[in-house]
Amino acid sequence: MESLSRFAQEKLEELAQRGLLREIIPTDRHEAMTADRAGRPVVSFCDNDYLGLSQHPDVRQAAADAASDLGAGSGASRLISGSLPLNDAVEAQLAKMKGTEAAVLFGSGYLTNVGVIPVLSGPGDLILMDALCHNCLFAGAQLSQAKVMVFEHNDLSHLRSLLKDFRSDYHHTMIIVDGVYSMDGDLAPLPDISVLALEFDAWLMSDDAHGLGVLGGGRGTAFAFDDEVQVPLQMGTLSKSVGSYGGYLCADRPIIDLIKNRARSLVYTTGLPPAVLAASLKALQIIEEDEELCARPLALARSFTNALNLPDAQSSIVPVIIGDPETTLQASQKLLEAGLLVSAIRPPTVPEGTSRLRITFSATHRPEDIDHLIKSIRELDLLK
Ligand SMILES: *Cc1c(COP(=O)(O)O)cnc(C)c1O
């Protein structure tokens, strides 16, 4: 197997030369976004735990009780015997919050997207995707074998012209967007996109991984606009603001029933464990009840962008674009030395030349930590 190891070694060297080598660093997480990173105490500004619910005492207790009462794992695929009643409770809670007839849970957000898209699209169909859609949406679109076309980020006239030129050549058409773009923190113009989708009989799917719990009073990006938006396929994750793990799709009942029958990443994989489901349920209940908590991440992000004269934050995610990967990495390293964990995002996660610090805000950040971050970024003189 010498050729195999050599292959891997050469690939790694190539990545290292381009400044793109990545490393997994063990990180113990605690309350108030504090953590121990390879033994060093830090405050994290890169978690997606926007409400701090992964550390909430009631959420932890719900997980502990479920593990204690029901066991560690679910034992089988959901279609066999691995669908604990807790799945139904979480699905009902999600459908209620999103205002849909039904919902279905998956093992993760990634599994949701690679499962859902190929059920709804296939050869002879068209998928139109925003250029900055999350990787797993592209993975799902590729698996579907539909024709995939990409429109410029948030460019409605480009989307319209693709629909005009190509819609009639295909059977079904899906339009796929993120609600909040994960590396830029901006929102999809959902009201306008939903009108286009209706006009051209295209099915709109939004991935709201970063909107749930943060926008629209906690209900997500589709609820963040003045008018109600029609998004027939509302997908998201339980791994971010919900602080747990899992993914979901909310939609009309027949769509959900079809997905339960056909999505390969649901049929051929094991159901979520009791502790994870119980944590999700408790966290979703908190999100539904505590609008003040849900408003906090955006308010903190806005206070940060105001202090540094950056464009107003639109979500809990704020990018500080630096450009080349090396400088970005150095900036992240310097912030780490100051006790601030801020991730350097480099290609292929973002386009070449747009390496950035991706800063995320959580309801449980302490004001003094945000002040420290602002001061450190000023001192690094990163903003041109
Ligand atoms: C994180 C993320 C996912 C994946 O969700 P997981 O539950 O972590 O697998 C999907 N889409 C977007 C936009 C994300 O940011």
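Coordinate-derived values only; no laboratory data. Being a predicted model, the structure only gives us computed values, none of them experimental. Don't worry about glycine lacking a Cβ; one is built from the backbone with ideal geometry, like all the others, and counts go over all protein chains shown.
Rounded to the nearest 5, the antiparallel percentage of DSSP beta bridges internal to the range 118-273 is 25%. Approximating the spin labels as points 7 Å out from Cα along Cα→Cβ, the GLN145-to-ALA16 distance works out to 4.2 nm.
With no solvent and one equal point scatterer per Cα, compute the Debye intensity ratio I(q)/I(0) for the range 1-117 at 0.14, 0.22 Å⁻¹ and report its log10, rounded to two decimals. Values returned for q = 0.14, 0.22 Å⁻¹ are -0.98, -1.27.
A cut-off under 11 angstrom between Cβ atoms defines the neighbours of ALA279, and their net charge, with Lys, Arg +1 and Asp, Glu -1, is 0. Counting neighbouring beta carbons within 10 Å and listing from fewest to most, the residues ASP312, ASP155 come out as ASP312, ASP155.
Under 5 Å from the amide H of LEU341 lie the amide H atoms of VAL43, SER44, PHE45, each residue being 5 or more positions distant or on a separate chain, with H modelled from the backbone and absent for Pro and chain starts. Label zone (HIS372, point 7 Å along Cα-to-C-beta; backbone nitrogen cut-off 13 Å) within the range 19-34: 32-34. Need one number: % antiparallel among DSSP beta bridges in the chain, to the nearest 5. Counting only bridges with both partners in the chain, antiparallel ones make up about 60 percent.
Here the gap between SER5 and ILE80, fully extended at 0.36 nm per residue and compared with their Cα-Cα distance, gives a gain of 23.1 nm.
The listed peptides 52-59, 191-198, 366-373, ordered by packing as a protection proxy, come out as 52-59, 191-198, 366-373 (highest mean of other Cβ atoms within 10 Å first). The phi torsions of the range 32-47, fed into the Karplus equation with coefficients 6.51, -1.76 and 1.60 and a -60° offset, translate into couplings of 6, 6, 8, 7, 10, 10, 6, x, 9, x, 9, 10, 8, 10, 9, 6 Hz, rounded to whole numbers, with Gly and Pro shown as x. Normalised by residue count, the range 259-384 yields a Cα convex hull volume of 175 Å³ per residue. Volume per residue of the convex hull around the Cα atoms, evaluated for the chain, comes out as 165 Å³. Label reach from SER68 (point 7 Å along Cα→C-beta): in the range 278-295, amide nitrogens under 16 Å belong to 278-279.
Under 5 Å from the amide H of PHE151 lie the amide H atoms of MET129, ASP130, ALA131, each residue being 5 or more positions distant or on a separate chain, with H modelled from the backbone and absent for Pro and chain starts.
Counting only pairs 8 or more places apart or on different chains, how many lysine pairs in the chain have C-alpha atoms closer than 23 Å? Total qualifying Lys-Lys pairs in the chain comes to 11.
DSSP finds beta bridges in the range 34-191, and of those with both partners inside it, around 35 percent are antiparallel.
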